[in-house]
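As structure tokens, the structure follows; a few thoughts come after it.
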Number of protein chains: 4
Amino acid sequence: MGLKGGPTEDEVMAVSLAKLGIRPGDRVVDLGCGTGKVAVALSETAGRVYAIDRRPEAVAYARDAATRAGRGNIEFFEGDAVEILPGLGPLDAAFVGGSRRLPEVLALLADQVRGRIVVNAVMVGTLHEAIATMRRLGIFVEAIHLQVSRSADIAGGTMFKPINPVYIVVGGAGCS
Amino acid sequence: MGLKGGPTEDEVMAVSLAKLGIRPGDRVVDLGCGTGKVAVALSETAGRVYAIDRRPEAVAYARDAATRAGRGNIEFFEGDAVEILPGLGPLDAAFVGGSRRLPEVLALLADQVRGRIVVNAVMVGTLHEAIATMRRLGIFVEAIHLQVSRSADIAGGTMFKPINPVYIVVGGAGCS
Amino acid sequence: MGLKGGPTEDEVMAVSLAKLGIRPGDRVVDLGCGTGKVAVALSETAGRVYAIDRRPEAVAYARDAATRAGRGNIEFFEGDAVEILPGLGPLDAAFVGGSRRLPEVLALLADQVRGRIVVNAVMVGTLHEAIATMRRLGIFVEAIHLQVSRSADIAGGTMFKPINPVYIVVGGAGCS
Amino acid sequence: MGLKGGPTEDEVMAVSLAKLGIRPGDRVVDLGCGTGKVAVALSETAGRVYAIDRRPEAVAYARDAATRAGRGNIEFFEGDAVEILPGLGPLDAAFVGGSRRLPEVLALLADQVRGRIVVNAVMVGTLHEAIATMRRLGIFVEAIHLQVSRSADIAGGTMFKPINPVYIVVGGAGCS
């Protein structure tokens, strides 16, 4: 599929979900939901998932993915997170796969989210902005640099081929 | 605590569990259970977890961890996996955190496990033996090299400190 | 020795020197020379090395290292790079192992250095500032993330233990 | 160019050369010279470089590279290292970029090389064989896992893209 960035890689998603620590019944937001892969994974445990993307083609794609997975507890929003978030009320956790206006988004999430906020960043600027903003808001918990390589068969043997490294920035209210 | 190796790191456990793909009700074995951290995590979803370690102090420690977590669905065995495995009957998945006689263990698991077998290896010899044995048994799926670094505060800024890299070797019946 | 940060690791130094591409006769500056390890290595090929550190104990230590290595072509300066650099005249290359006021330092180096400028960064803020400043000055070439793990003997086998990852940021006049 | 494996990456070569520690006048062998990139780099400092590859197209390509670099101190051999090595007499260092019959080659080098032997390995089997053989020969010094990521421009920012990880296995007579 042609969505910029492609789906979150399995190993990155596994670590991100572990950091989020979703419990049954949780109300969770997925910002920049892209293909919907993370939203569907979140919806396995969460009570309700709010999936937001400003790209109509992403929302359409993710909605399809949710339907195929048979998940009725995902609600989709097309638009800007800064405008949509205030209408969602208190949340238990937030996954930020991608977002413009990250400082504003994090400021909103810091007030609205009771549990963990996890940002996936591949760009140095996003990493720096996520950490600096979380520190300023007093919610920075930790950042993880995840470098995954996967085996590949070559000449009758096994070598490793790396996927793009991802920074996983973790915040949480009252955790700094 | 003084168990050799220490507990599996959170990020390594998250990726290992994702590769195992445990479903509700599954019967799962944890070989070389050590502190019991992975056994407890497995028992959240699995129906029954069989945790094996040849060190009495590990089994005692892990049993305590299970009690503290309130998990009644973990059964502990002190002894050699090669002798204990045959008595457990068909299994859905296996996690191998550490084991002597790995080729024999994998040969048993290849027959006994319907789903995924995940081996965590830190030593080059174990990595090589796990892949070579799984290839010989026709059950090799993939191997992952996981390099995790975690943020640390230094001089008012953020740097990254790495934890020891781990190889996650994945096998499964009929998957080669 | 007790200098903050310790000496640049061998592998990081090897890659940094390769990126600098020093030629015989070059006039090179080492900013934040610390233990003097990089200055001594630079002085093998360079014609003259100017080693600067604002800490008297670093300059004393590095001067000793130069004497022990029998290098007479290293000149030491104790003080602030921003004040010392203008007096050094045209340079062929610059290694920045550590520096306060990095944007000012890079602005000076952009004018003064004919060849490559290499910054070693371990902090996210320094990485971000080095790239952003080099881009603004039109001299950014590339950045490298270097993750080195070294073998360690354990239980009769070989495992890998990682050293702290380092970012190597490379700039050069007219290279952007 | 179409040689299998392609040239050794700059950063991997920099670390490998640093581990070799070539001094002026040294007699050095390059086994599996491929594109000749490492042989040319070795010939900057070494007195004489013997470059061996069993593929005629590699020797032709590397010979061209040496000519273009104006290096007259590289001697090329087309054939099997095990047969060619004994005729080269005592050596100061050896770089093994690729080789079949690695255990036999290392046994020869252990007798013939006074200084360092450096093997670049991408396959798990080669890594394991290099370490195990060097340990058996009593010449194992260390192994390095090198993970390099390079900056890439994306959407007005900077991200990192990894190159394939390489194991650098270092041996040396009387160093175990």
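The values are calculated or read from the model by the stated rules, or taken from the named source; none is laboratory data. Predicted, not measured: the structure shown is a model, and the values here were computed from it. All Cβ positions, glycine included, derive from the backbone under ideal geometry; neighbour counts span all protein chains shown. To get the accessible areas, we keep the full protein, side chains included, count just its heavy atoms, and leave off ligands, DNA and RNA. Shrake-Rupley method; radii C 1.70, N 1.55, O 1.52, S 1.80 Å.
Note on A:Val141: accessible area is roughly 50 Å² with a 1.4 Å probe, heavy atoms of protein only. Taking 0.36 nm per residue of separation and subtracting the current Cα-Cα distance, fully stretching the chain between A:Asp153 and A:Arg135 would add 2.1 nm. Within the protein assembly as shown, antiparallel bridges make up roughly 55 percent of the DSSP beta bridges whose residues both belong there. Over the range C:112-153, all Cα pairs binned in 10 Å intervals from 0 give whole-percent P(r) values of 23, 47, 18, 9, 3, listed from short to long. Residues considered: C:Ile139, C:Ile52, C:Ile163. Largest GNM mean-square fluctuation over chain C, using C-alpha springs under 10 Å, is found at C:Ile163.
Between the C-alpha center of the range C:1-68 and that of the range A:137-155 there is a gap of 32 Å. Across D:Gly47, D:Gly34, D:Gly89, mean-square fluctuation computed from a Gaussian network of chain D (C-alpha pairs under 10 Å connected) peaks at D:Gly89.
The dipole here belongs to chain D: it is taken about the Cα centre, uses +1 on the Cβ of Lys and Arg and -1 on the Cβ of Asp and Glu, and is about 140 debye.
Taking the Cα centre of the protein assembly as shown as origin and assigning +1 to Lys and Arg Cβ atoms and -1 to Asp and Glu Cβ atoms, the resulting dipole is close to 0 debye.
The DSSP beta bridges internal to the range B:21-172 are antiparallel in roughly 50% of cases. Note on D:119-128: average number of Cβ atoms from other chains within 10 Å of each residue's Cβ is 6. For chain B, the residue among B:Thr8, B:Ala94, B:Gly172 whose Cα projects farthest onto the positive side of the dipole built from Cβ charges is B:Gly172. Of the trypsin sites (Lys or Arg not before Pro) found in the range B:99-174, those in coil by DSSP whose Cβ has at most 12 other Cβ atoms within 10 Å are B:Arg100, B:Arg101. For chain D, modelled as a GNM whose springs connect Cα atoms under 10 angstrom apart, the maximal fluctuation among D:Asp26, D:Asp80, D:Asp64 occurs at D:Asp64.
According to the Cα gyration tensor, what semi-axes, each the square root of 5 times an eigenvalue, does the equivalent ellipsoid of chain B have, listed from largest to smallest in whole Å?
Numbers: eigenvalues 131, 85, 45 Å².
Ellipsoid semi-axes (Å, largest first): 26, 21, 15.
In chain B, the beta carbon lying closest to the axis that superposes B onto C belongs to the residue given here with its whole-angstrom distance, B:Pro162, 2. Heavy atoms of chains D and A lose about 1400 Å² of accessible surface on contact, summed over both sides with a 1.4 Å probe. Per residue, the accessible area of the range C:21-172 comes to 38 Å² when a 1.4 Å probe rolls over the protein heavy atoms. Per-residue ellipticity at 222 nm, computed for chain D from helices alone with -39500 (n - 2.57) per DSSP H run of at least four residues, works out to -10000 deg cm²/dmol.
The B:Asn73 and C:Asp111 beta-carbon pair, evaluated with R₀ = 56 Å, returns a calculated FRET efficiency of approximately 0.20. For the range B:78-176, a simple Cβ point-charge model (Lys and Arg +1, Asp and Glu -1, everything else neutral) yields a dipole of about 300 debye relative to the Cα centre.
Which number do you get for Rg(Cα) / (2.2 N^0.38 Å) in the protein assembly as shown? Computed over Cα atoms of the protein assembly as shown, the ratio equals 1.03. Using r as the Cβ-Cβ distance of D:Asp64 and D:Arg100, and R0 as 25 Å, what FRET efficiency do you calculate, to the nearest 0.05? For R0 = 25 Å, the calculated efficiency reads 0.55. When the pairs A:Lys161/D:Lys19; A:Lys37/B:Lys161; A:Lys161/B:Lys19 are compared against a 22 Å limit on Cα-Cα distance, A:Lys161/D:Lys19; A:Lys37/B:Lys161 fall above it.
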